[in-house]
Amino acid sequence: MTEHEDGSLAPDAESLGRLDVVRAQVLSTGGMLVCFSGGLDSGFLCAVARETLGDRAVAYTAVSASHPAWDLEAGKRAAAALGIRLVTRETNEIEDPRYASNPKDRCYYCKMEVFGTAWAVARELGLAAVADGTTSDDMSDWRPGRTAAGELAILSPLASAGLTKEQVRILARDVYHLPFWARPASPCLASRFPYGTAIDVKRLKQVETIESSLRDLGYAEFRARFHGDMVRIEVRSADLPRLAMDPDREAVVKAAHAAGFAYVTVDLEPFRSGRLNG
(Lines give C-alpha, C1' and ligand atoms only; values in the text may rest on other atoms or scores of the structure.)
Protein backbone atom coordinates (compact mmCIF):
# COMPACT_ATOMS: atom_id res chain seq x y z
CA MET A 1 0.00 0.00 0.00
CA THR A 2 1.06 3.61 -0.59
CA GLU A 3 0.38 6.42 1.91
CA HIS A 4 -1.47 9.71 1.95
CA GLU A 5 0.31 12.82 3.18
CA ASP A 6 -1.19 12.29 6.64
CA GLY A 7 0.36 8.83 6.82
CA SER A 8 -2.87 6.87 6.29
CA LEU A 9 -2.78 4.04 3.77
CA ALA A 10 -3.91 4.68 0.21
CA PRO A 11 -4.80 2.29 -2.62
CA ASP A 12 -1.80 1.10 -4.59
CA ALA A 13 -1.47 -0.36 -8.08
CA GLU A 14 -1.89 -3.90 -6.76
CA SER A 15 -5.19 -3.27 -4.99
CA LEU A 16 -6.53 -1.19 -7.88
CA GLY A 17 -5.61 -3.99 -10.28
CA ARG A 18 -7.46 -6.50 -8.11
CA LEU A 19 -10.46 -4.17 -8.07
CA ASP A 20 -10.45 -4.27 -11.87
CA VAL A 21 -10.51 -8.08 -11.69
CA VAL A 22 -13.57 -7.90 -9.42
CA ARG A 23 -15.30 -5.51 -11.81
CA ALA A 24 -14.62 -7.82 -14.75
CA GLN A 25 -15.99 -10.88 -12.95
CA VAL A 26 -19.11 -9.01 -11.82
CA LEU A 27 -19.70 -7.64 -15.33
CA SER A 28 -19.34 -11.10 -16.87
CA THR A 29 -22.38 -12.39 -14.95
CA GLY A 30 -24.79 -9.99 -16.64
CA GLY A 31 -26.79 -9.79 -13.41
CA MET A 32 -25.91 -10.51 -9.79
CA LEU A 33 -27.63 -10.94 -6.43
CA VAL A 34 -25.23 -9.95 -3.64
CA CYS A 35 -25.74 -11.59 -0.25
CA PHE A 36 -25.55 -8.47 1.87
CA SER A 37 -25.07 -8.70 5.64
CA GLY A 38 -24.96 -4.94 6.12
CA GLY A 39 -21.23 -5.09 6.74
CA LEU A 40 -18.30 -3.59 4.88
CA ASP A 41 -17.16 -6.47 2.66
CA SER A 42 -20.55 -7.34 1.18
CA GLY A 43 -21.43 -3.63 1.07
CA PHE A 44 -18.27 -2.96 -0.94
CA LEU A 45 -19.24 -5.72 -3.37
CA CYS A 46 -22.70 -4.15 -3.66
CA ALA A 47 -21.03 -0.86 -4.61
CA VAL A 48 -18.93 -2.55 -7.31
CA ALA A 49 -21.93 -4.49 -8.61
CA ARG A 50 -24.12 -1.38 -8.73
CA GLU A 51 -21.38 0.56 -10.53
CA THR A 52 -20.81 -2.25 -13.03
CA LEU A 53 -24.28 -3.71 -13.60
CA GLY A 54 -26.64 -0.86 -12.73
CA ASP A 55 -30.14 -2.15 -12.00
CA ARG A 56 -29.00 -5.70 -12.76
CA ALA A 57 -27.31 -5.65 -9.36
CA VAL A 58 -29.55 -6.42 -6.37
CA ALA A 59 -28.70 -6.79 -2.68
CA TYR A 60 -30.26 -9.59 -0.63
CA THR A 61 -30.43 -9.76 3.17
CA ALA A 62 -31.55 -12.78 5.17
CA VAL A 63 -33.77 -11.94 8.15
CA SER A 64 -33.89 -14.26 11.17
CA ALA A 65 -33.40 -14.36 14.94
CA SER A 66 -29.73 -15.17 14.28
CA HIS A 67 -29.13 -11.60 13.11
CA PRO A 68 -29.58 -8.55 15.35
CA ALA A 69 -32.14 -5.94 14.33
CA TRP A 70 -29.45 -3.24 14.07
CA ASP A 71 -27.70 -5.17 11.26
CA LEU A 72 -30.87 -5.06 9.17
CA GLU A 73 -31.32 -1.35 9.80
CA ALA A 74 -27.67 -0.67 8.98
CA GLY A 75 -28.09 -2.68 5.80
CA LYS A 76 -31.11 -0.67 4.75
CA ARG A 77 -29.25 2.59 5.28
CA ALA A 78 -26.22 1.31 3.38
CA ALA A 79 -28.31 0.06 0.46
CA ALA A 80 -30.05 3.42 0.26
CA ALA A 81 -26.69 5.21 0.24
CA LEU A 82 -25.49 2.92 -2.56
CA GLY A 83 -28.65 3.31 -4.58
CA ILE A 84 -29.02 -0.46 -4.89
CA ARG A 85 -32.30 -2.35 -4.57
CA LEU A 86 -32.51 -4.39 -1.37
CA VAL A 87 -34.60 -7.55 -1.13
CA THR A 88 -35.14 -9.24 2.25
CA ARG A 89 -36.35 -12.75 2.97
CA GLU A 90 -36.97 -14.59 6.22
CA THR A 91 -34.82 -17.68 6.66
CA ASN A 92 -35.49 -20.61 8.98
CA GLU A 93 -32.08 -21.99 9.93
CA ILE A 94 -33.04 -21.89 13.62
CA GLU A 95 -35.70 -24.53 12.92
CA ASP A 96 -33.08 -26.97 11.63
CA PRO A 97 -31.98 -29.17 14.57
CA ARG A 98 -28.58 -29.64 12.90
CA TYR A 99 -28.06 -25.89 13.24
CA ALA A 100 -29.80 -25.40 16.60
CA SER A 101 -27.67 -28.05 18.30
CA ASN A 102 -24.68 -25.81 17.48
CA PRO A 103 -22.08 -28.26 16.15
CA LYS A 104 -18.73 -27.02 14.85
CA ASP A 105 -20.11 -27.03 11.31
CA ARG A 106 -23.19 -25.00 12.32
CA CYS A 107 -22.42 -22.37 9.69
CA TYR A 108 -22.74 -24.96 6.93
CA TYR A 109 -26.43 -25.55 7.72
CA CYS A 110 -27.07 -21.83 8.10
CA LYS A 111 -25.47 -20.99 4.76
CA MET A 112 -27.31 -23.79 2.98
CA GLU A 113 -30.55 -22.12 4.09
CA VAL A 114 -29.40 -18.56 3.37
CA PHE A 115 -27.80 -19.31 0.00
CA GLY A 116 -30.67 -21.57 -1.03
CA THR A 117 -33.11 -18.75 -0.36
CA ALA A 118 -30.81 -16.36 -2.23
CA TRP A 119 -30.94 -18.54 -5.33
CA ALA A 120 -34.74 -18.59 -5.13
CA VAL A 121 -34.71 -14.77 -5.09
CA ALA A 122 -32.20 -14.63 -7.95
CA ARG A 123 -34.40 -16.87 -10.09
CA GLU A 124 -37.43 -14.71 -9.33
CA LEU A 125 -35.50 -11.65 -10.52
CA GLY A 126 -33.89 -13.31 -13.52
CA LEU A 127 -30.35 -12.89 -12.20
CA ALA A 128 -27.72 -15.37 -13.30
CA ALA A 129 -25.37 -15.23 -10.32
CA VAL A 130 -25.35 -15.09 -6.53
CA ALA A 131 -22.27 -13.74 -4.75
CA ASP A 132 -21.03 -13.05 -1.23
CA GLY A 133 -18.48 -10.68 0.28
CA THR A 134 -15.86 -13.25 1.28
CA THR A 135 -12.32 -11.81 1.10
CA SER A 136 -9.01 -13.60 0.69
CA ASP A 137 -8.41 -13.29 4.46
CA ASP A 138 -11.59 -15.27 5.14
CA MET A 139 -10.28 -18.25 3.21
CA SER A 140 -7.78 -19.08 5.95
CA ASP A 141 -10.32 -18.82 8.80
CA TRP A 142 -12.57 -21.61 10.13
CA ARG A 143 -15.62 -21.14 7.89
CA PRO A 144 -17.75 -24.25 7.26
CA GLY A 145 -20.11 -21.97 5.34
CA ARG A 146 -17.56 -21.94 2.52
CA THR A 147 -18.44 -25.59 1.84
CA ALA A 148 -22.08 -24.59 1.38
CA ALA A 149 -21.00 -21.75 -0.90
CA GLY A 150 -19.09 -24.18 -3.09
CA GLU A 151 -21.95 -26.66 -3.24
CA LEU A 152 -24.42 -23.95 -4.26
CA ALA A 153 -22.11 -22.20 -6.76
CA ILE A 154 -21.90 -18.93 -4.84
CA LEU A 155 -19.36 -16.54 -6.33
CA SER A 156 -16.83 -14.74 -4.11
CA PRO A 157 -15.34 -12.07 -6.41
CA LEU A 158 -13.30 -10.33 -3.69
CA ALA A 159 -11.59 -13.55 -2.64
CA SER A 160 -11.12 -14.66 -6.25
CA ALA A 161 -9.32 -11.40 -6.99
CA GLY A 162 -7.14 -11.76 -3.88
CA LEU A 163 -8.46 -8.66 -2.10
CA THR A 164 -7.74 -8.57 1.63
CA LYS A 165 -9.96 -6.95 4.25
CA GLU A 166 -7.51 -4.08 4.63
CA GLN A 167 -7.50 -3.47 0.88
CA VAL A 168 -11.30 -3.57 0.77
CA ARG A 169 -11.51 -1.04 3.60
CA ILE A 170 -9.10 1.36 1.89
CA LEU A 171 -10.78 1.02 -1.52
CA ALA A 172 -14.18 1.52 0.12
CA ARG A 173 -12.97 4.74 1.70
CA ASP A 174 -10.83 6.23 -1.08
CA VAL A 175 -12.39 4.94 -4.31
CA TYR A 176 -16.09 4.51 -3.47
CA HIS A 177 -16.28 6.88 -0.48
CA LEU A 178 -18.62 4.52 1.35
CA PRO A 179 -19.98 6.03 4.58
CA PHE A 180 -19.67 2.67 6.35
CA TRP A 181 -16.03 1.97 5.38
CA ALA A 182 -14.92 1.83 9.04
CA ARG A 183 -17.70 -0.44 10.28
CA PRO A 184 -16.32 -3.38 12.32
CA ALA A 185 -17.23 -6.98 11.52
CA SER A 186 -20.56 -8.17 12.93
CA PRO A 187 -20.99 -11.95 12.65
CA CYS A 188 -24.32 -13.56 13.47
CA LEU A 189 -25.46 -13.89 17.07
CA ALA A 190 -24.97 -17.67 17.00
CA SER A 191 -21.23 -17.02 17.11
CA ARG A 192 -21.65 -15.95 20.76
CA PHE A 193 -22.40 -19.52 21.86
CA PRO A 194 -19.73 -22.17 22.58
CA TYR A 195 -20.03 -25.13 20.24
CA GLY A 196 -22.41 -27.72 21.65
CA THR A 197 -24.53 -25.15 23.50
CA ALA A 198 -28.01 -25.32 22.01
CA ILE A 199 -29.32 -22.21 20.29
CA ASP A 200 -32.92 -21.04 20.29
CA VAL A 201 -34.77 -17.79 19.70
CA LYS A 202 -34.99 -16.95 23.41
CA ARG A 203 -31.25 -17.33 23.95
CA LEU A 204 -30.45 -15.32 20.82
CA LYS A 205 -32.66 -12.51 22.12
CA GLN A 206 -30.86 -12.60 25.46
CA VAL A 207 -27.54 -11.98 23.74
CA GLU A 208 -29.03 -9.34 21.46
CA THR A 209 -30.39 -7.45 24.50
CA ILE A 210 -26.93 -7.18 26.08
CA GLU A 211 -25.22 -6.14 22.86
CA SER A 212 -27.94 -3.58 22.17
CA SER A 213 -27.19 -2.05 25.56
CA LEU A 214 -23.48 -1.88 24.74
CA ARG A 215 -24.24 -0.23 21.40
CA ASP A 216 -26.46 2.33 23.08
CA LEU A 217 -23.63 3.15 25.46
CA GLY A 218 -21.35 3.89 22.52
CA TYR A 219 -19.06 0.85 22.47
CA ALA A 220 -17.77 0.07 18.97
CA GLU A 221 -16.52 -3.51 19.25
CA PHE A 222 -17.83 -6.05 21.72
CA ARG A 223 -19.30 -9.51 22.19
CA ALA A 224 -21.73 -10.90 24.75
CA ARG A 225 -20.80 -14.58 25.11
CA PHE A 226 -23.50 -16.94 26.36
CA HIS A 227 -22.59 -19.33 29.19
CA GLY A 228 -25.87 -20.63 30.59
CA ASP A 229 -27.05 -18.32 33.37
CA MET A 230 -23.94 -16.14 32.94
CA VAL A 231 -23.02 -13.71 30.16
CA ARG A 232 -19.33 -12.91 29.53
CA ILE A 233 -18.71 -9.53 27.94
CA GLU A 234 -15.70 -8.74 25.77
CA VAL A 235 -14.73 -5.17 24.83
CA ARG A 236 -11.57 -3.58 23.51
CA SER A 237 -8.71 -3.16 25.99
CA ALA A 238 -9.11 0.62 26.02
CA ASP A 239 -12.79 0.25 26.96
CA LEU A 240 -12.29 -2.04 29.96
CA PRO A 241 -11.85 0.75 32.58
CA ARG A 242 -14.96 2.54 31.36
CA LEU A 243 -17.11 -0.60 31.43
CA ALA A 244 -16.03 -1.35 34.99
CA MET A 245 -17.26 2.04 36.22
CA ASP A 246 -20.73 3.48 36.71
CA PRO A 247 -22.91 4.45 34.96
CA ASP A 248 -21.92 1.91 32.26
CA ARG A 249 -21.42 -0.95 34.71
CA GLU A 250 -24.84 -0.39 36.25
CA ALA A 251 -26.55 -0.12 32.86
CA VAL A 252 -25.04 -3.37 31.56
CA VAL A 253 -25.80 -5.28 34.76
CA LYS A 254 -29.39 -4.06 34.59
CA ALA A 255 -29.66 -5.17 30.95
CA ALA A 256 -28.19 -8.58 31.76
CA HIS A 257 -30.66 -9.22 34.58
CA ALA A 258 -33.54 -8.01 32.41
CA ALA A 259 -32.44 -10.46 29.72
CA GLY A 260 -32.63 -13.33 32.20
CA PHE A 261 -28.97 -13.80 33.16
CA ALA A 262 -28.19 -14.40 36.83
CA TYR A 263 -24.56 -13.33 36.48
CA VAL A 264 -22.66 -10.91 34.28
CA THR A 265 -18.88 -10.80 34.00
CA VAL A 266 -16.33 -8.83 31.99
CA ASP A 267 -13.52 -10.76 30.31
CA LEU A 268 -10.10 -9.31 31.22
CA GLU A 269 -8.77 -10.58 27.90
CA PRO A 270 -9.70 -7.93 25.30
CA PHE A 271 -12.17 -8.51 22.51
CA ARG A 272 -10.96 -10.70 19.66
CA SER A 273 -13.18 -11.96 16.88
CA GLY A 274 -13.42 -15.75 16.66
CA ARG A 275 -12.54 -16.45 20.31
CA LEU A 276 -14.93 -19.43 20.40
CA ASN A 277 -13.50 -21.11 17.31
CA GLY A 278 -10.73 -22.82 19.21
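Quick look at the numbers
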item	result
Shape category assigned to the chain from the gyration tensor of Cα positions, a/c cut at 1.5	oblate
Exposure rank, largest accessible area first [Leu155, Leu19; 1.4 Å]	Leu155, Leu19
Dipole of segment 9-110 [Lys/Arg +1, Asp/Glu -1 at C-beta], most positive-end residue of Tyr99, Ala13, Ala69	Ala69
Extension gain from Lys165 to Tyr195, taking 0.36 nm per residue of separation minus the Cα-Cα distance	8.2 nm
Surface accessible to a 1.4 Å probe, His67 within the full protein complex, Å²	60 Å²
Overall form of segment 184-253 per C-alpha gyration tensor (a/c, 1.5; a/b vs b/c)	prolate
Rounded to the nearest 10 Å², the accessible area of Ser28 at probe 1.4 Å	90 Å²
Charge dipole magnitude, Cβ of K and R +1, D and E -1 - segment 198-256, Cα centre, debye nearest 20	140 debye
Förster radius 22 Å - calculated FRET efficiency between Met230 and Glu269 (Cβ-Cβ, nearest 0.05)	0.85
Estimated dipole of segment 154-247 in Debye, rounded to 20 [Cβ of Lys and Arg +1, of Asp and Glu -1, Cα centre]	140 debye
Cα centroid separation - segment 234-270 against segment 137-194, whole Å	29 Å
The chain - mean residue ellipticity at 222 nm from DSSP helices (-39,500 (n - 2.57) per run, n ≥ 4, rounded to 500)	-13500 deg cm²/dmol
Trypsin sites (Lys or Arg not before Pro) within segment 177-262: DSSP coil, no more than 16 neighbouring Cβ in 10 Å	Arg236
DSSP-defined beta bridges in the chain - what % are antiparallel, rounded to 5	30 percent
Over segment 25-172, volume per residue of the alpha carbon convex hull, in Å³	102 Å³
Reach of Lys104 by Cα under 22 Å, taken over lysines that are not fewer than 8 positions away in the same chain	Lys202, Lys205
GluC sites (Glu not before Pro) within segment 1-85: DSSP coil, no more than 14 neighbouring Cβ in 10 Å	Glu5
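The values are calculated or read from the model by the stated rules, or taken from the named source; none is laboratory data. Note that this is a predicted model, so its numbers are computed, not measured. Please note: Cβ atoms are built from the backbone with ideal geometry, for glycine as well, and neighbour counts cover all protein chains shown. The accessibility values were calculated without ligands, DNA or RNA, using every heavy atom of the protein model including side chains. Shrake-Rupley method; radii C 1.70, N 1.55, O 1.52, S 1.80 Å.
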